[in-house]
Amino acid sequence: MKATLILANGAVFRGGAIGAMEDRVCEMVFNTSMTGYQEILTDPSYAGQGVVMSYPLMGNYGVNREDNESVRPWAEALVVRHLSPVGSNFRCEDSLGNYLRENHIVGIEGVDTRALTKILRSQGTMNGMITCAEHFLVQEVMDKLAAYRVSGTVERVTRAEREMFPALVEQKLRVALMDYGVKQNMIECLRKRGCEVTVFPAHTPAKEVLSGGFDGVMLSNGPGDPADNVDIIKEVRALYESNIPMFAVCLGHQLLALATGAKTHKMVFGHRGGNHPVKDLEAGRCFITSQNHGYVVDADTVDPEVAQVSHVNVNDNTVEGLKYKRPNCFTVQFHPEASPGPEDTEYLFDRFIASMGGDR
């Protein structure tokens, strides 16, 4: 069956339908990763978005139950140049095409993803609609695209109740993890370092978390505009003022920055992929990182009496990390748990463990 992708700027891409056969409006973003499509689809940070994979071949190693980053996929749509009909890998349990259909993810293949990526890179992230209809009214589509906004996503992706995960080795510490759209591997990175991890719903009051006797608090990744989370930001401020050891990633990094007086803004096309170079200013080293964000902390708004920039993106010099002046508090924009090949940035989890009084 044929499918059509219409962008908010009027550009039209035609191809073949994959996944769910229905109309879908979402914010179109591009990802430069060569692998990891299953982790991308199940990353809650993609809630409300359709993902354009710039690498031309997807689905060649299939899907399996182990690689999910959450209990369900969150991406609205997937756009690829070529979808492999079968997966070839010893861990393969099903094809990517079947996975899209079973999880109601709309998709389109046969698209010139290079041209599409160039549009999103030059003109910025924009809304798009995928439809299988042979005929449609362009003005009606444009109206739908103009009305769509990614909002309320943290409420959609966070868990309803707290959940405890025991340490995978001898337990040393207890960590409270705020779920703004947490990836499972972030929990596993703590568990394998001897942490019992209690994951809390996003809107849990700081008072409740602080009364639990935890050794530290971690703020997770998540979707959407960080400035929309006004109530959460107030609770993050209370956690910060308690002086409990804190480590924050991605959306959590942005929320803590907002809670301490800094500002954020939406990037033109964001950082999404597994090959973003980031420099640790203190160590003087560059790391290749996995990233997925469309908003960034404004460096000029960070109060030097509160925090200092600790990491920067080598490509565009944007803020990738903050080290706070108060004891045992630091944050990063990238994903240290994602392992885009090397696992070098997992040293940040070791730093968090040390800040709580555990062994490195």
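The values are calculated or read from the model by the stated rules, or taken from the named source; none is laboratory data. Predicted model, so just to flag it, every value in this text is computed and none were measured. Cβ atoms come from the backbone with ideal geometry, glycine included; neighbour counts cover every protein chain shown. Ligands, DNA and RNA are stripped out before the accessible areas are found, and what is left, the full protein with its side chains, is counted by its heavy atoms. Shrake-Rupley method; radii C 1.70, N 1.55, O 1.52, S 1.80 Å.
Looking across segment 48-107 at every residue that is open to solvent by less than 50 Å² (accessible area, probe 1.4 Å) and touching a Lys or Arg at 6+ places or on another chain (Cβ under 6 Å), the one that is farthest from residue 120 (Cα to Cα) is identified as 64.
Listed by first and then second residue, the pairs with beta-carbon distance under 9 Å, at least 6 apart or on different chains, first residue in segment 123-150 and over 26 Å from residue 295 (Cα atoms), second exposed (fewer than 14 other Cβ atoms within 10 Å of the Cβ) and of a type in the set (Gly, Ala, Ser), are 138/10.
Filtering segment 21-47 to residues that are open to solvent by 30 Å² or more (accessible area, probe 1.4 Å) and among the aliphatic types (A, V, I, L, M) leaves 21, 25, 34. Selection within segment 10-19: residues that are touching a helix residue (DSSP H, G or I) at 6+ places or on another chain (Cβ under 8 Å) and buried (at least 19 other Cβ atoms within 10 Å of the Cβ). The member of this set that is farthest from residue 96 (Cα to Cα) is 13. When every residue of segment 230-250 is checked against the conditions, none turns out to be open to solvent by less than 40 Å² (accessible area, probe 1.4 Å), over 19 Å from residue 351 (Cα atoms) and assigned to a loop (DSSP other than H, G, I, E, B). Sub-7 Å Cβ pairs linking a first residue in segment 179-195 that is among the aromatic types (Phe, Trp, Tyr) to a second residue that is crowded, with 21+ Cβ neighbours inside 10 Å and in a helix (DSSP H, G or I), at least 6 apart or interchain, are 180/154; 180/251; 180/252, ordered by first then second residue. Summed over segment 214-229, residues that are surrounded by 21 or more Cβ atoms within 10 Å (Cβ to Cβ) and under 18 Å from the mean Cα position of the chain (by Cα) total 9. Within segment 306-317, the set of residues being touching a Gly at 6+ places or on another chain (Cβ under 9 Å) and open to solvent by 40 Å² or more (accessible area, probe 1.4 Å) comprises 309 only.
Scanning segment 225-246 for residues that are of a type in the set (Asp, Glu) and under 17 Å from residue 322 (Cα atoms) yields one hit, 241.
Of all residues in segment 318-360, those that are under 20 Å from the mean Cα position of the chain (by Cα), open to solvent by 60 Å² or more (accessible area, probe 1.4 Å) and at pLDDT 95 or above total 0.
Residues considered: 280, 303. Of these, the only one that is among the charged types (D, E, K, R) and open to solvent by 30 Å² or more (accessible area, probe 1.4 Å) is 303. Right, residue 269: surrounded by 24 or more Cβ atoms within 10 Å (Cβ to Cβ) and modelled with pLDDT of 95 or more or not? When the stated conditions are applied, residue 269 does not pass them.
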